[in-house]
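Just below is one structure, and these are the notes that go with it.
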Amino acid sequence: DVLEEKVRLWRRQNFQVLACAPTQGQAERLSHLLQERGLEIPCAASPLGSGFRWPAERLIVLTEQEILGESGRRRARGGKKSASSRSDDDWAGLQALSDLSPGDTIVHIDHGIGRYQGMIRLELSGAPSDFLLLEYANKDRLYLPVHRLNLIQKHGAADGSASLDKLGSQQFQKTKEKVKDSVRKLAIDLVRLYAERKVLTGFRFSGRDRALEEFEARFPYEETPDQAKAIDATLEDMREGRIMDRLVCGDVGYGKTEVAIRAAYRAVLDGKQVAVLVPTTLLAHQHEQSFKSRMSGMPVSIESVSRFKPTSKQKAILKSAAEGKVDILVGTHRLLSRDVSFKDLGLLVIDEEHRFGVEHKERLKTLKLNVPVLTLTATPIPRTLHMSLSGLRDISLIRTPPVNRLPIRTFISKREDALITKAVEFELSRGGQVFFLHNRVQSIHQTARHLQDLVPRARITVAHGQMEEGELEKAVTEFYEKRTNVLVCTSIIESGIDLPSANTIIIDRADSFGLAQLYQIRGRVGRGDQRGYAYLLVPPESVISSDAKKRLDVIQRFVELGSGFQVASHDLEIRGGGELLGPQQSGNIQAVGFDLYLELLEEAVQEVRAEGSREKSAQAKDPEIKAPFPAFLSEDYVPDVHQRLSLYRKLSSCSDDHQVDALEEELRDRFGRLPAEAMSLLWLMRTKVHLRRLGIDAITVGKEKLVLVPGQGSSLDPVRAIALVSAHPTRYQLTPDSRFVASRAIGSMKDLYFSIQELLRDLTPSARGR
């Protein structure tokens, strides 16, 4: 009403009034809203932040935010962030389907496991649209429209050999129900554990004081934004006095250890002891050196217990720890022994908890109940799992790489002496060091001798897990201190070796390693500001298994910084995610696929929590839309099929108009002005959002009419529907099977969107103002 008055006043003063919105779709929607109020104001797409008055030109320009109010602007910004942020691309992993190839197995939420056979264009109701062709058992085919792409995920069977479900069978629904029951039990346990930890209170550590700030200022690097957030969150947990259980998750070499060092120093300043638990002897040695280096000159006593140290020395250190004379104790599973005690343990840091055995984890559970815990992991968590566990465990994600970090160049090649010689000589010529990984102890010394013949000037040492403690420590120390420049070793270096000067790694028989293991091993190099090189040596192609080929292909494709998140998504699909969710869940994950499993877990967690607050709500069903209008992304507009798949997936997953608007901005920014069929696709997605929200199962657009099929729990008011039919029997009908038929001429997908809005406003009292 205020706007109408002002527009009349401006027009009496001979001003022309224009309106603008960030995207074409928003501008058209705004125009429709104004026309409904009888205001004929031209609307255009423009990124203006605010309107203005130009007296000389007798012009007034208003923005959508000024017309619709502050809440509209806030939602639009929020929508943009969630829909088009690049970090969503990084985390979507398999959910984005951007790496889906013909022959891959997929999981449809209703029909089960099928095989993707490509994307095709078909005529639907007389108009072209894109479909995914899915093959099921007995060569049955399902054509999935791209606006329903959110109904499938990639199954992730390593060789595409998962058994296909039969279309029309109830077997997959039965399997899903069994998994739901199992997942619900897991969700109940997770919620109960979280509630117990919330109730417990512990020691309240001090906040940031001058002593801690001075220590932080001595950090020789600039903290990355994510690293700084992880540090702040950890210190805040400690200050609040909660029994902390924070997981710091980040790619290889992204600075997780510094988070632990800051937390440990805070604990020591407040008179508490710290235990740092690691899975390997080498990592214990590495952490001891890291902590001592960062805290040099500080009155902090740091020790470690591992097989690098004689038994007598270990006993003396443990005695001192029990008396409170050791501030920070680093160790392997030896720290979990019954004879280990602390005078006043205030913080437990665990590095790579999933690598400990069942026995050790049981001991850890008892420790965790009363002591704040900070867990570090380089096994990145896919976004879906993070969402599933959010609120049940405090998780800090470190996704930004350190300054000046360069991606590692990765080469896959047959084992040839000339290549090995060239790679080693190049690294030595720039003053660096080389890892040569040969994972067979029986022939490791023979390999070292052969390497010495190839590169006579190399100073070579050998390290493997079966060596005597003193001998292994000597070999590692010599390499640390650069007295040797080539370390021929087994996979014991997978975690624990951090040398900025070691920037070339040669992995013999790379085909025999797991995907995550390969990624971790490759991460031993390129940790400074020098370019890292990784050479993956493999036998002739005929000898390599199909699984190994897939792993090598993934490790070579994902070389960019932070790509550990994509690698982890692939690897967790293949391994079943048992390490993160418990081995008993692996069978369930294989049965329905990793992404669908996590969706079920998230739903179960929400249901369990809602039971206490009586807020349980039904899951909205994805509507089926049949309309005779072209709605797709053409090959001319988005040439790459994987990009189209990714964009279709994003669009099909939108939950409100603002997310669709943000994707319209992204499309315009990346590919230019949207063609008519692409704009039509956006109106289709906006229509789907409203139908889904109001519980409409299907809509069919025919000649001069449209048919709505309400679902169970639909928001359509039957009393209003009957009243509408009674008042206008020639325009509206209700069929015996509860379909609502409206006589309307629909000329485009945009017309359909506005017609649906008007119709639903008459049929649903809550729809007004949506």
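The values are calculated or read from the model by the stated rules, or taken from the named source; none is laboratory data. This is a predicted model, so every value here is computed, not measured. So basically every Cβ, Gly included, is an ideal-geometry build from the backbone, and we count neighbours across all protein chains shown. Keep in mind that these areas ignore ligands, DNA and RNA; they rest on the heavy atoms of the full protein, side chains included. Shrake-Rupley method; radii C 1.70, N 1.55, O 1.52, S 1.80 Å.
Consider just the alpha-carbon atoms of segment 433-499 and return their Rg together with their Dmax, both in angstrom.
Just the Cα atoms of segment 433-499 yield Rg and Dmax of 11.0, 29 Å.
Measuring from the lowest to the highest alpha carbon on each principal axis, how far does segment 249-329 reach, largest first, in angstroms?
37, 29, 21
Using only Cα atoms, figure out Rg for segment 622-665 and give it as a multiple of 2.2 N^0.38 Å.
Working: Rg = 11.6 Å, N = 44, 2.2 N^0.38 = 9.3 Å.
After normalising by residue count via 2.2 N^0.38 Å, the value is 1.25.
So if I place +1 on the C-beta of Lys and Arg and -1 on the C-beta of Asp and Glu, and nothing else carries charge, what would the dipole magnitude of segment 304-352 be about its Cα centre? I want it in debye, nearest 20.
Once rounded to the nearest 20, the dipole reads 340 debye.
Calculate the length of the line joining the C-alpha centroid of segment 430-470 to that of segment 19-60, in whole Å.
Result: 71 Å between the Cα centres.
Looking only at Cα atoms, what is the convex hull volume of segment 636-770 per residue, in Å³?
Values: hull volume 16.2 nm³, N = 135.
Dividing the Cα hull volume of segment 636-770 by its residues yields 120 Å³.
Normalise the Debye intensity by I(0) for segment 103-162, one equal point scatterer per Cα, no solvent, then take log10 at q = 0.14, 0.25, 0.27 Å⁻¹ and round to two decimals.
Those come out to -0.38, -1.04, -1.16, one per q.
For segment 659-734, go through all pairs of different Cα atoms, get the mean of 1/r, take its inverse, and jot down that Kirkwood value in Å. Spell out each step's value before the answer.
Details: mean 1/r = 0.0673 Å⁻¹.
Its Kirkwood hydrodynamic radius stands at 14.9 Å.
Go from 0 up to the bin containing the longest alpha carbon distance in segment 167-272, width 5 Å each, and give me the % of pairs per bin.
The percentages, shortest bin first, are 2, 10, 16, 16, 13, 11, 8, 6, 6, 5, 4, 2, 1, 0.
Based on the alpha carbon coordinates of segment 502-550, what radius of gyration and maximum Cα-Cα distance (Dmax) apply, in Å?
Answer for segment 502-550, Rg first and Dmax second: 12.0, 38 Å.
Given bins 10 angstrom wide, list per bin the percent of all Cα-Cα distances in segment 421-538, short to long.
Going out from 0 Å in 10 Å bins, segment 421-538 shows 14, 51, 33, 2 percent.
Using only the alpha carbons, work out the radius of gyration and Dmax of segment 470-523 in angstrom.
For segment 470-523, the Cα radius of gyration and maximum Cα-Cα distance read 11.7, 32 Å.
Taking the Cα atoms of segment 626-702, what is the range of coordinates along each of the three principal axes, in descending order and whole Å?
Cα extents, longest axis first: 34, 26, 20 Å.
Per residue, what volume in Å³ does the convex hull of the Cα atoms of segment 211-368 enclose?
Values: hull volume 18.4 nm³, N = 158.
Each residue corresponds to 116 Å³ of Cα convex hull volume.
Could you give the Stokes-Einstein D for segment 203-253 in µm² per second, using the C-alpha Kirkwood radius, 4 °C, 1.567 mPa s? Mind dumping the intermediate values first?
Values: Rh = 12.3 Å.
After rounding, the answer is 105 µm²/s.
Normalise the Debye intensity by I(0) for segment 1-44, one equal point scatterer per Cα, no solvent, then take log10 at q = 0.25, 0.27 Å⁻¹ and round to two decimals.
Ignoring solvent entirely, the Cα scatterers give -0.88, -0.97.
Over segment 221-284, what is the relative contact order in percent, taking alpha-carbon pairs closer than 8 angstrom and at least six residues apart? Kindly include the intermediate steps, with their values, before the conclusion.
Details: 25 pairs, mean separation 18.2, N = 64.
Relative contact order here is 28 percent.
Taking the solvent-accessible surface of protein heavy atoms with a 1.4 Å probe, what is the per residue accessible area of segment 146-268 in Å²? Can you show the working numbers first?
On the way: 5670 Å² over 123 residues.
Result: 46 Å² per residue.
How much accessible surface does Asp245 have with a 1.4 Å probe, in Å² rounded to 10?
Accessible surface of Asp245 is approximately 30 Å².
Work from the charge dipole of segment 426-494 (Cβ charges, +1 for Lys and Arg, -1 for Asp and Glu, about the Cα centre) and give the residue of Leu451, Val441, Thr461 farthest towards its positive end.
Final value for the positive-end residue is Leu451.
Would you mind pulling out the separation of the Cα centroids of segment 643-665 and segment 748-762, in Å?
Distance between centres, Cα-based: 20 Å.
Run the 1.4 Å probe and let me know the accessible area of Glu481, rounded to the nearest 10 Å².
For Glu481, solvent-accessible area is about 100 Å².
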